[in-house]
Amino acid sequence: MSESTREFERAGRKSGRCRRARPRAAQARQRLATWVRELGVSDRNISPNHAWRHTFKQVADRAGITERTSDYITGHAHKSVGAGYGAPTLDDMAGALKKFPRYKLKGS
């Protein structure tokens with residue numbers, strides 16, 4: 001990268017005109033976190049999105065969803081290189097999610 005390109009990028013960052021796009025997953029995670037905070041979860045020591053992953057893994061295990069499949073659904077790292085081979089298909093994951101118990105919400 002040339003020095004003039006670096007200077008252009010630095011100037012753009014300072015002005016807010018040159019930002020690197022955040023991945024869509026990060027954007028969605030931030031919107032969800034903002035929504036949860038608006039619901040009243042204000043304790044900064046609580047990370048609702050991460051806590052939900054823990055809850056999902058626990059409930060998935062009780063529902064008979066394999067650890068491998070729940071790891072793929074939650075985006076957890078594989079325990080070994082070999083575990084990353086032959087990923088579950090979308091149909092596999094959809095079938096696993098059908099085993100997941102449904103939550104009853106007020107007004108529904």
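The values are calculated or read from the model by the stated rules, or taken from the named source; none is laboratory data. Just so we're clear, the structure is a prediction, and the values are computed from it rather than from any experiment. Here Cβ is always computed from backbone atoms with ideal geometry, including for glycine, and neighbour counts include all displayed protein chains.
Would you check which residues across region 55-108 are surrounded by 14 or more Cβ atoms within 10 Å (Cβ to Cβ) and aromatic (F, W, Y) and list them?
F56, Y72, F100, listed by residue number.
Any residue in region 16-35 that's outside the structural domain of H76 (by TED's automatic domain parsing): show its pairings with residues that are among the polar types (S, T, N, Q) and at pLDDT 80 or above at Cβ separation under 8 Å, as long as the two are six or more apart or on different chains.
Short answer, once both residue conditions are applied: R22/Q30.
Give, as residue ranges, the helices (runs of 4 or more DSSP H) completely inside region 1-90 that count at least 1 residues that are under 16 Å from the mean Cα position of the chain (by Cα) and at pLDDT 85 or above.
Because the criterion is at least 1 residues that are under 16 Å from the mean Cα position of the chain (by Cα) and at pLDDT 85 or above, the helices (runs of 4 or more DSSP H) in region 1-90 that meet it are 24-38, 48-62, 67-74.
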